[in-house]
Amino acid sequence: MTFGQSDFLLFLLALPVAAAVLYWSLKKRDTDILRIGSPDLIARLHASVNRRGRTAKFGLWFIAFALVIVALSRPQWGSEVEIVEQEGSQVMIALDISNSMLAEDIKPDRLTRAKLEISDLMSKLGGDEVGLVLFSGAAFIQFPLTFDYVTAKSFLEDAHPGMISRQGTAISDAIETAIKGFDETRASQKVIVILTDGEDHEGNPVNAAKAAVDEGVLVYTVGLGTGQDEPIPEPGTFNGNTRFMRDRQGQTVLSRLDEDTLKDIANAGRGRYFRAGGSPTAAESIAAELSNLDKVSIHSEFETQRVERFQIFLAAALVALVAAELIPDRVKARSRPTNSSQEGEPA
């Protein structure tokens, strides 16, 4: 036998103490009663008291309480195999890892904030499959759809601009790559979440979002950055030695959040646009959106579970309580012989 909540069994230790206190109080009551009247009077008053019955009643009460405590501890024995259906959506997250995501207009920087938003989103998902696409000037699937959020977060932490040599922000490529990551054999809702500063330099992301809708995919966008120009630190420079990227003419390269483009992509993809750093957070808002989508079974597995047996102990406790209430407190007193003369004795 095992117990689902064995901590409740500690309350059984209180029952012997309670029994001792009850025994002491009953003895004290009897002693106090003897002080208020003569022994013969007390004996006549107690003649009808069902002492054995009261003892049995107290015993049944203690048994019932013990059984209730055992029931609360969820006793289990035996096992059964169940088919567990997991319902949810397929969510492909597209993360921009271009150099512009190193800008520090939101702290600590755009890329780190994007990772925090994705990690927070994973923590709020309930049964959805998650995959990750990394993109800059090109795009690739970092990990396919999975329920293993812990492993997914470890892959997420390793993402950095050096993973793709071709620089740029090809949002359209990211959308097309994410679509390829969906499992077309499942009827679950398919969603793409794009986290980027929106500075797209190639392709047509709005048309790509429209094409995604034709495939039954919703597209959400999350903007990283502010509307102000921000210099882009060179990778690997920090702690007071930060150097900023320059173009071929020697001018400092500046980057700013392009909210208009991201809003257009979300509208074309029948999703919504969110800005990172708001309240509620982008992760909270997207999780709320996903929870309202139609859920279908996307995964089933056999699961062996222990069989709960608390009902047996609750039923036994109920029987004990009912039996205790049926025991009468008093019984019919026996008549005592009188002092009159015996029958047949001469007067």
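Coordinate-derived values only; no laboratory data. Computed from a predicted model, the values in this text were never measured in an experiment. We place every Cβ from the backbone using ideal geometry, glycine too, and count neighbours over all the protein chains shown.
Here are a few things to note about the model shown:
- Simple spin-label estimate for ARG243 and PHE3 in nanometres, 7 Å along Cα-Cβ: 6.7 nm
- Annotation: extensible slack from GLU308 through THR55 equals 87.8 nm (criterion: 0.36 nm per residue apart, minus Cα-Cα distance).
- Couplings for segment 140-146, taken from phi via the Karplus curve 6.51 cos²θ - 1.76 cosθ + 1.60 with θ = phi - 60°, read 8, 7, 6, 8, x, 4, 8 Hz in order; Gly and Pro are left as x.
- Size of charge dipole - segment 116-219 - debye, nearest 20, with Cβ of Lys, Arg +1 and Asp, Glu -1, no other charges: 140 debye
- Under-5 Å amide H pairs with PHE143, H placed in peptide plane, nonlocal only: LEU132
- By the rule of a C-alpha distance below 24 Å, with chain neighbours fewer than 8 residues away ignored, the lysines paired with LYS28 are LYS57.
- The gain in end-to-end length when the LEU116 to LYS180 segment is fully stretched comes to 20.5 nm, 0.36 nm per residue minus the alpha carbon separation.
- Across LYS115/LYS263; LYS153/LYS210; LYS124/LYS180; LYS107/LYS190, pairs whose alpha-carbon gap is larger than 27 Å: LYS153/LYS210; LYS107/LYS190
- The calculated FRET efficiency for ASN207 paired with PHE140, based on their beta-carbon distance and R0 = 25 Å, is about 0.75.
- Estimated FRET transfer efficiency (TYR23, GLU80; beta-carbon r; R0 35 Å; 0.05): 0.20
- Two-site FRET efficiency, ALA323 against LYS124, from Cβ-Cβ distance with R₀ of 41 Å, rounded to 0.05: 0.20
- Here the label points at MET163 and ALA288, each 7 Å from Cα along the C-beta direction, are separated by 3.0 nm in the simple model.
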